[in-house]
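Values in this text are rule-based calculations from the coordinates and carry no lab data. Predicted model, so just to flag it, every value in this text is computed and none were measured. Here the Cβ is made from the backbone with ideal geometry for all residues, glycine too, and neighbour counts use every protein chain on show.
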Amino acid sequence: MNKLPPKTIFITGATSGFGKATARVFNNNGWQTIITGRRGDRLETIAKELGQNCLPLAFDVSDRKAVEKEIENLPPDFSNITVLCNNAGLALGLEGADKANLDDWDEMIDTNIKGLVYCTRAILPIMVNNKNGHIINIGSVAGSYPYPGGNVYGGTKAFVSQFSLNLRADLVEKGINVTSIEPGLAETEFSIVRFKGDVQKARKVYENTTYIKPEDVADTIYWTANRPKNININRIEIMAGFQAFNPFNIVKS
Ligand code: NDP
Ligand code: 8X3
């Protein structure tokens, strides 16, 4: 009997955190794994660890032409993408809106919104042609619950959540599933990036608490990608066991 061809996942932001853990889970389960990010040296190291079923592609998701070129030039063995995991993203700064750096806002919008949209649009024709595929977008609890300093970061993640639902509305008749996975506090390089390399400040975020591990998110992505076709998981929100909601901030004079 002929064996089914291996499935292929395309993961953005696989040089660290959720993306790297996700690459490991899928690859260990026999999936062909396309790992992407800007740091090519890291991609090479991960590709060496994962072996021949892994294809590293170094590019910036916010560079529309680069995204289109990389996807147009996928080697035939890796071109039948089954799952696109739009994970690349970042928060920059935690200043209030009146003090925030506009360049940081631009970069978050360019990466978390435009990058995600570019990758989605470039890969969709492959899925539509195959009448099969699953887009798994990484949002955040910050897209549903505001917090001081979350401003544009939270806004970009609200976009991810709503864009995912609208994508699903467009793609339901084409056999393509769409899911938005929305985690809370997780220890990755996220806070080091947010605080521009200040490791001490980043470490404080995770002090004396229990947070989500990158492997927890990777397992959730793997579970989502392996549901039977008669269901679509629209949205999953995950918080750390010791994270919950704040009361409203009522300012009294
Ligand atoms: P990390 O900083 O550990 O990983 C972010 C990844 O995104 C890196 O691989 C980075 O690769 C990649 N990336 C960033 N900018 C670009 C770009 N312009 N082009 C290509 N790749 C890029 O953080 P996380 O793993 O935590 O973050 C992954 C996703 O999860 C993000 O979308 C984040 O917003 C979201 N999230 C994180 C939470 C957390 O608490 N950690 C909670 C909820 C959601 P490189 O620098 O090599 O380009
Ligand atoms: C990352 C989680 O709460 O730091 O998206 O914004 S949070």
Quiz item: For a paramagnetic label modelled at 7 Å from the Cα of Thr210 toward its Cβ, which residues of region 170-196 fall within the zone defined by backbone nitrogen distances under 15 Å?
Solution: 185-187
Exercise. Tally the DSSP beta bridges in region 8-238 and give the antiparallel ones as a percent, rounded to 5.
Key: 0 percent
Exercise. Can you spot the lysines whose alpha carbon is less than 26 Å from Lys114's alpha carbon? Ignore those fewer than 8 places along the same chain.
Key: Lys20, Lys65, Lys69, Lys99, Lys131, Lys157, Lys174, Lys196
Quiz item: Once both axes come from the Cα atoms, what is the angle between helix 17-28 and the longest principal axis of the chain, in degrees from 0 to 90, rounded to 10?
Solution: 20 degrees
Quiz item: Looking at region 159-253, which trypsin sites (Lys or Arg not before Pro) are DSSP coil and have at most 14 other C-beta atoms within 10 Å of their C-beta?
Solution: Lys196, Lys229, Lys252
Quiz item: GluC sites (Glu not before Pro) within region 181-211: which are DSSP loop residues with at most 10 other Cβ atoms inside 10 Å?
Solution: Glu207
Practice problem: Using R₀ = 25 Å, calculate the FRET efficiency as 1/(1 + (r/R₀)^6) where r is the Cβ-Cβ separation of Leu102 and Arg39; round to 0.05. | Solution: 0.50
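Quick one: longest stretch of the chain between exposed loop chymotrypsin sites (Phe, Trp or Tyr not before Pro), exposed meaning at most 13 other C-beta atoms within 10 Å and loop per DSSP?
On the way: sites that count: Phe242, Phe245, Phe248.
Counting only loop sites that pass the neighbour cut-off, the longest clear stretch is 1-241.
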Quiz item: Using alpha carbons only, how many degrees (0 to 90, rounded to 10) separate the axis of helix 40-50 from the longest principal axis of the chain?
Solution: 60 degrees
Quiz item: Given N residues in region 8-238, what is Rg(Cα) / (2.2 N^0.38 Å)?
Solution: 0.97
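Applying 1/(1 + (r/R0)^6) with R0 = 25 Å to the Cβ-Cβ distance of Ala66 and Ile192, what FRET efficiency is obtained, to the nearest 0.05?
On the way: r = 25 Å, r/R0 = 0.98.
With a Förster radius of 25 Å, E is 0.50.
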Quiz item: For region 61-164, which trypsin sites (Lys or Arg not before Pro) are in a loop by DSSP, counting at most 14 other Cβ atoms within 10 Å?
Solution: Lys99, Lys131
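Per residue of the chain, what 222 nm ellipticity follows from adding -39500 (n - 2.57) for every DSSP H run with n ≥ 4, rounded to the nearest 500? Please report the intermediate quantities before stating the final value.
On the way: 9 runs with 99 residues, N = 253.
Computed mean residue ellipticity for the chain: -12000 deg cm²/dmol.
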Quiz item: Between Asn129 and Glu49, what is the spin-label point distance in nm, taking each point 7 Å from the Cα along the Cα→C-beta axis?
Solution: 3.3 nm
Quiz item: Between Val193, Ala88, Gly175, whose Cα lies farthest towards the positive end of the dipole of region 8-238 when Lys and Arg beta carbons carry +1 and Asp and Glu beta carbons carry -1, centred on the Cα centre?
Solution: Gly175
